[in-house]
Amino acid sequence: MGSPGTHAGFTAQLVRRAGLRATSVDYRLAPEHPFPAAVEDGLAAYRALLDEGVRPEELVLAGDSAGGGLVVATLVAARDAGLPQPAGAVLFSPWTDLTLSGESMHTKKDADPIFVPEALQTFATPYLAGQDATQPLASPVFADLRGLPPLLVQAGSNELLLDDSVRLARRAAADEVEVTLRVWPQVPHVFQNHFGHLDEADEALDEAAGFLAAKVRIGREA
């Protein structure tokens, strides 16, 4: 589920605040196209931008939920393919562990207004199509993140996937990646999508836009 169309408003808010142009990736979806189709499409889109002459120093990535996990997987796949890394990436409530093993899957069960663990499993199962959920490109929380660009990770405290953000940030720090983790209290999964109605959403989008714009500005000056 989801497409560039469903996320057009969210994307527009981010790029307007950052003063940047955006390319939205219409990557293939499960169950018709299970893992690793989405990662292959993310890598192909990234490679295409580089082939079109976009300097990696002026390129930044962003994604939310499963798309946030896909951003990390794309960065890892690009590194492993010998491609240069972009200037940075923002991850909004990224889903980075398809094994659903984070403690917040239990500790936030009564706080999350959107998901229950069983619902997340119904998304993970067709995406994996019987493949190992611990594969790094399927669950980037288990990946070697060395060499990735600076990351900004945002999450809400009232979400089952909170530990996906916390553990990813911890892994990135251990792998010598510059990473900033921000957790807003008492807001849900991808709360940033409630821009214009939730103060925390606008604050988070401003922070993300500032982060992306700063990384691109540094790249242009390099």
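A 1.4 Å probe run over region 150-222, with the rest of the protein chains in place, finds 45 Å² accessible per residue. For the chain, the relative contact order comes to 24 percent (Cα pairs under 8 Å, sequence separation of at least 6). Per residue, the Cα convex hull of region 116-168 amounts to 89 Å³. Remark: spin-label model distance Thr6-Asp26 equals 1.5 nm, labels positioned 7 Å along the Cα→Cβ axis.
In the chain, the calculated helix contribution to ellipticity at 222 nm averages -13500 deg cm²/dmol per residue, counting -39,500 (n - 2.57) for every DSSP H run with n ≥ 4.
Taking 0.36 nm per residue of separation and subtracting the Cα-Cα distance, full extension of the segment from Thr122 to Arg55 would add 20.2 nm.
For the chain, the share of accessible area belonging to carbon and sulfur comes to 53 percent (1.4 Å probe, ligands and nucleic acids excluded). When the chain is treated as a GNM with alpha-carbon contacts under 10 Å, the residue of Val90, Val54, Val15 showing the greatest mean-square fluctuation is Val54.
Hydrophobic, long helices, defined as DSSP H runs whose alpha-carbon span along the helix axis is 20 Å or greater and whose mean Kyte-Doolittle value is at least -0.5, occur in the chain at 37-51, 66-80, 199-221.
The values are calculated or read from the model by the stated rules, or taken from the named source; none is laboratory data. Please read all numbers here as calculations on a predicted model, not as lab measurements. When we count neighbours, we look across all protein chains shown, and the Cβ atoms used for this are built from the backbone with ideal geometry, even at glycine. Note: accessible area is taken over every heavy atom of the protein model, side chains too, but ligands, DNA and RNA are not part of it. Shrake-Rupley method; radii C 1.70, N 1.55, O 1.52, S 1.80 Å.
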